[in-house]
Amino acid sequence: MINDRSEQDERDDWINNNNNNNENYFEGLNLPSKEQLEEQENFVRKLEGEIAELEIEYEDYLTEDDDEEELLDEDDNEEEARSLLNNQTSSSNNMKEQQIELGLIGKEMNWQLFEHPEIMEGKNLIYFYNCCKLLKEKKIEEISLFSFLNNYYHFNQDINEDENVGLYNFFIFQMIFQLTEILLFYYNKGWIKNMSNKKGNIERYDANLFLENINFKVNSLENIIKSQFINISLNDEFYLNLFGLTKKEIDLDYLPKTYPNQEELVFNLGIFILQLLLLKEEKQFLSKILHENNEISICKLVIENNRSHSYLIRFLTSVLRYDNYKRINLINLMDIEVVHVLSCISEDRKEFFEKLTLSEMKKKSNLKNESNDDMESNNLVDYLKNHFLIGIAYYGSKKHEECVNYLKQCVLLKQEFEEYICKDLLFTKDDIIKFKENPPYFIHIAYSFMGKALAELKEYDEAMVHSETSLKVLSSESNTTALFTKAYILDKIEKYEESEKLYEHVLLLYPTYSMAHNNRGICLKRLGNHKLAIEEYRNSLQLDPSNHLTYNNRALYYNDKHQNEKAILYYALSIKLKPFYHMPISNLGYTYCQMSKFDKAIDMFTKSLKFNNTNINAYANRGYCYMRKLNYQLAAADYMKCVKDLKNEERNILYNLSLCMFNLKRYKEAIYYITKVIHKNPRDEWALYNRSLFYEKEHEYHLALEDIDMFLALSPNHISGLALQTRYKVMVNRVTRIS
């Protein structure tokens, strides 16, 4: 009897029979439950319904007055959070819907909900792990990537929706990182041509240059489930295509017969990553992406085909862009885009990444690594490179102190660390001297990221020192990331003119750097150049249309213009892109509060706090809404959470808390909290006015009179203040007469 079952059928049967113990791999991960996922999906669906009912009018493409976005670091986007600690109201505008602004959003995009990124990551890792386990059973130690995708991932075929899995993110990162390392190595040897200055489309590309010429070695299964590095190798066909030589001939230091252009190499690498994300290889499919509106098409296709990889869209638009811009080069690819991918993985999949991947990388940092022949590096370089990657990952997960610690180790800034690696890890002084005399490519990136992390810790002087050190390691004509960091620090210390000029220089070196456009726009806005700032905001959005923070920030602008329907739309888009991110949900609550829809606002703030229970603005704004509904008990509880648990004593939080206590007839507590406000500013007239009322309730008329006298010294003609002064004088005289 003929067996007509394919290898894919065997694989499917094997994997389906071996998925029953998958949950054991992820014990201890605090991932959302099925109920929480369903609740969030219903929330977004309901929000979509509300958006559909809005009548929204869109402005022309360019207007004189446009949005102001908060300063964004390239990897750690800090969007503005709204606070409603004082009474603020505005009218809402009902407008007729016109065409969608910039063509970046709208019904034709068919935006889908995300599966939770950490659950998607686990699902993909389990699938990949089971495939590798099957390879082990077949005694296949090394396999070509093309064969692996064809036989185990239905590459280039329609995938059943129930089997919507992809390669897990850290595996994709490893391939990007190792391939970029190899290309950068040969570029530094002078074997790859510089970028051409010509503009226009590249019609010639080899869609399978990387796909068909990469092999990967299956590591131990325990290491795979913990996301440890996968080792890849390139076959002779790759080297023959690039240099006209085999790998062995290149290792013998023969000069290559041909010199590939780095522009084409980077372009083909972008195509390769796109193939991995969407599991497609049809040239017609790729050509469509490359010759239509590039960033919009990629954004749409990635989100619709594999939503777990949306953060890679910026990477793809950078390497595949061709209209009006010089394409990204190999140095910027490693300096900016590749490390951005790693920091995004660690931020987006924080729980998963820290408990599995980072823990394994930290174990690896205590061992000598095997030398990588492709990089011709010594063991010390590979060992310290692991510290570098851990530092970048900590930067992405916003653990800046840990980031600085690991990056200082990777550049050997600590004497005790040098002694440790010589004594305990058996490296030699000669290894260290050689490392310092010939610093590897990642050293200037490490100094730059140290500067960023220290800027977040408000250690600006040290941050500037490290950014300058990065520029000494690699000159400013090539070191875009250090220039960006220096500009970022200058903005933080309010030197806007210097910061703007540096961002302008960054954009001369790397025109498609979306965050540089955005941050330059912020500097220009602060310097009063609104028209040019608007152009930079537009450039930033066009370069990275998938950034949920961009939509959130555009909504903030519409809040400022009291165009609440537009604000709601942009917040909704931000939430659809990243439904479990707390900030746009909280800011949407702010918009509803502006519209006096306090129940909806409270619901948004409550939902936001499920995803971040330390969001001070959400507690404070919800407390404000409760006050407007005269529910002072719940309002006081929210303000107390800010003061007691989150250790925040901002003026308006203390002020509103004192009002809640007053309305709850807890006068001593009201006096206590309003006194804290006055200690911060003894000339706070309304705090003095209110404390006089609080003292009156406690029959402390002398103290009430003192406060109202100080109030009238600041506002001498205030009618209510004068009336209170007269009343308190009468009460003081009466008490004095009785005593």
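The values are calculated or read from the model by the stated rules, or taken from the named source; none is laboratory data. Owing to the predicted nature of the structure, the values given are computational and were not obtained by experimental measurement. Backbone-built Cβ (ideal geometry, glycine too); neighbour counts: all protein chains shown. Just the protein is used for accessible areas: all its heavy atoms, side chains included, with ligands, DNA and RNA removed. Shrake-Rupley method; radii C 1.70, N 1.55, O 1.52, S 1.80 Å.
Numbers for the structure displayed
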{"read-out": "Residues (among the hydrophobic types (A, V, I, L, M, F, W, C), within 21 Å of Ile493 (Cα to Cα) and open to solvent by 10 Å² or more (accessible area, probe 1.4 Å)) located in the stretch 525-540", "value": "Leu527"}
{"read-out": "Long-range neighbours under 9 Å by Cβ, at least six apart or interchain, first residue within 15 Å of Pro32 (Cβ to Cβ) within the stretch 607-619, second outside any helix (DSSP H, G or I) and among the hydroxyl-bearing types (Ser, Thr, Tyr)", "value": "Phe611/Tyr581; Asn612/Tyr581"}
{"read-out": "Meets criteria (open to solvent by 20 Å² or more (accessible area, probe 1.4 Å), at pLDDT 85 or above, touching a strand residue (DSSP E or B) at 6+ places or on another chain (Cβ under 7 Å) and under 30 Å from Arg349 (Cα atoms)) for Asn235", "value": "no"}
{"read-out": "Residue match in the stretch 556-576 (condition: over 20 Å from the mean Cα position of the chain (by Cα) and within 23 Å of Leu659 (Cα to Cα))", "value": "no"}
{"read-out": "Near pairs, Cβ below 8 angstrom, 6+ apart or cross-chain, from the stretch 168-186 (farther than 21 Å from Leu356 by Cα and open to solvent by 10 Å² or more (accessible area, probe 1.4 Å)) to any residue that is part of a helix (DSSP H, G or I) and of a type in the set (Asp, Glu)", "value": "Phe185/Asp374"}
{"read-out": "Tabulated pairs, the stretch 695-707, first open to solvent by 90 Å² or more (accessible area, probe 1.4 Å), second modelled with pLDDT of 95 or more and not in a loop (DSSP other than H, G, I, E, B), C-beta under 7 angstrom, 6+ apart or interchain", "value": "Lys697/Tyr667"}
{"read-out": "Matching residues, the stretch 628-653, being touching a Cys at 6+ places or on another chain (Cβ under 8 Å) and buried (at least 23 other Cβ atoms within 10 Å of the Cβ)", "value": "Ala635, Ala636, Tyr639, Ile653"}
{"read-out": "Single unsatisfied condition, Ile328 versus (1) at pLDDT below 85; (2) part of a helix (DSSP H, G or I); (3) among the hydrophobic types (A, V, I, L, M, F, W, C)", "value": "(2)"}
{"read-out": "Any pair with Cβ under 6 angstrom, 6 or more apart, that starts in the stretch 656-671 at a residue that is part of a loop (DSSP other than H, G, I, E, B) and ends at one that is open to solvent by 40 Å² or more (accessible area, probe 1.4 Å)", "value": "Leu664/Tyr632"}
{"read-out": "Filtered residues of the stretch 391-443 (kept if of a type in the set (D, E, K, R) and in contact (Cβ under 8 Å) with a residue 40 or more places away in the chain)", "value": "Lys398, Glu401, Lys408, Asp431, Lys434"}
{"read-out": "Test: residue in the stretch 252-274 that is within 30 Å of Glu118 (Cα to Cα), touching a Phe, Trp or Tyr at 6+ places or on another chain (Cβ under 6 Å) and either in a loop (DSSP other than H, G, I, E, B) or open to solvent by 20 Å² or more (accessible area, probe 1.4 Å) (or both)", "value": "no"}
{"read-out": "Complete set of residues in the stretch 213-248 that are of a type in the set (Ser, Thr, Tyr) and free of Cβ contacts under 8 Å to residues at least 24 places away in the same chain", "value": "Ser220, Tyr239, Thr246"}
{"read-out": "When residues of the stretch 604-627 are limited to those that are at pLDDT below 95 and of a type in the set (D, E, K, R), the one most open to solvent (accessible area, probe 1.4 Å)", "value": "Lys610"}
{"read-out": "Test: Tyr571 is part of a helix (DSSP H, G or I), open to solvent by 10 Å² or more (accessible area, probe 1.4 Å) and within 29 Å of Arg314 (Cβ to Cβ)", "value": "no"}
{"read-out": "Residues of the stretch 626-654 classified as more than 28 Å from His679 (Cβ to Cβ) and among the hydrophobic types (A, V, I, L, M, F, W, C), total", "value": "1"}
{"read-out": "Entirely in the stretch 466-566, the helices (runs of 4 or more DSSP H) that have 1 or more residues that are closer than 26 Å to Thr591 by Cα and at pLDDT 80 or above", "value": "514-526, 530-543, 548-560"}
{"read-out": "Criterion: under 30 Å from Leu549 (Cα atoms), open to solvent by 20 Å² or more (accessible area, probe 1.4 Å) and charged (D, E, K, R) - qualifying residue of Lys288, Lys248", "value": "Lys288"}
{"read-out": "From Pro584, Pro579, residue being of a type outside the set (Ser, Thr, Tyr), in contact (Cβ under 8 Å) with a residue 12 or more places away in the chain and not in a helix (DSSP H, G or I)", "value": "Pro579"}
{"read-out": "From Asn223, Asn208, Asn219, residue being in a loop (DSSP other than H, G, I, E, B), modelled with pLDDT under 80 and open to solvent by 10 Å² or more (accessible area, probe 1.4 Å)", "value": "Asn219"}
{"read-out": "Failed item, numbered, when Ala670 is tested on (1) among the small types (Gly, Ala, Ser); (2) surrounded by fewer than 14 Cβ atoms within 10 Å (Cβ to Cβ); (3) under 25 Å from Lys641 (Cβ atoms)", "value": "(2)"}
{"read-out": "Index of the failed condition, Glu337 passing every other in (1) over 17 Å from Ser546 (Cα atoms); (2) surrounded by 21 or more Cβ atoms within 10 Å (Cβ to Cβ); (3) at pLDDT 80 or above; (4) not hydrophobic (A, V, I, L, M, F, W, C)", "value": "(1)"}
{"read-out": "Subset of the stretch 447-505 (residues that are closer than 22 Å to Lys385 by Cα, small (Gly, Ala, Ser) and open to solvent by less than 30 Å² (accessible area, probe 1.4 Å))", "value": "Ser448, Gly451, Ala453, Ala463, Ser467, Ser470, Ala482"}
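Results for (1) modelled with pLDDT under 85; (2) of a type outside the set (Gly, Ala, Ser), shown as yes or no for each residue.
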position	(1), (2)
Tyr239	no, yes
Lys257	yes, yes
Leu265	no, yes
Gly270	no, no
Phe285	yes, yes
Lys288	yes, yes
Cys299	yes, yes
His309	yes, yes
Arg314	yes, yes
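Yes/no per residue for (1) of a type in the set (A, V, I, L, M); (2) under 29 Å from Tyr701 (Cβ atoms):
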site: Ile568; (1), (2): yes, no
site: Leu588; (1), (2): yes, no
site: Leu609; (1), (2): yes, no
site: Thr614; (1), (2): no, no
site: Gly623; (1), (2): no, no
site: Met661; (1), (2): yes, yes
site: Leu664; (1), (2): yes, yes
site: Thr675; (1), (2): no, yes
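Here's the yes/no breakdown for (1) touching a helix residue (DSSP H, G or I) at 6+ places or on another chain (Cβ under 8 Å); (2) over 26 Å from Tyr689 (Cα atoms):
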residue: Ala601; (1), (2): yes, yes
residue: Met604; (1), (2): yes, yes
residue: Ser608; (1), (2): yes, yes
residue: Ala618; (1), (2): yes, yes
residue: Tyr632; (1), (2): yes, no
residue: Ala636; (1), (2): yes, no
residue: Lys644; (1), (2): no, no
residue: Leu659; (1), (2): yes, no
residue: Ala670; (1), (2): yes, no
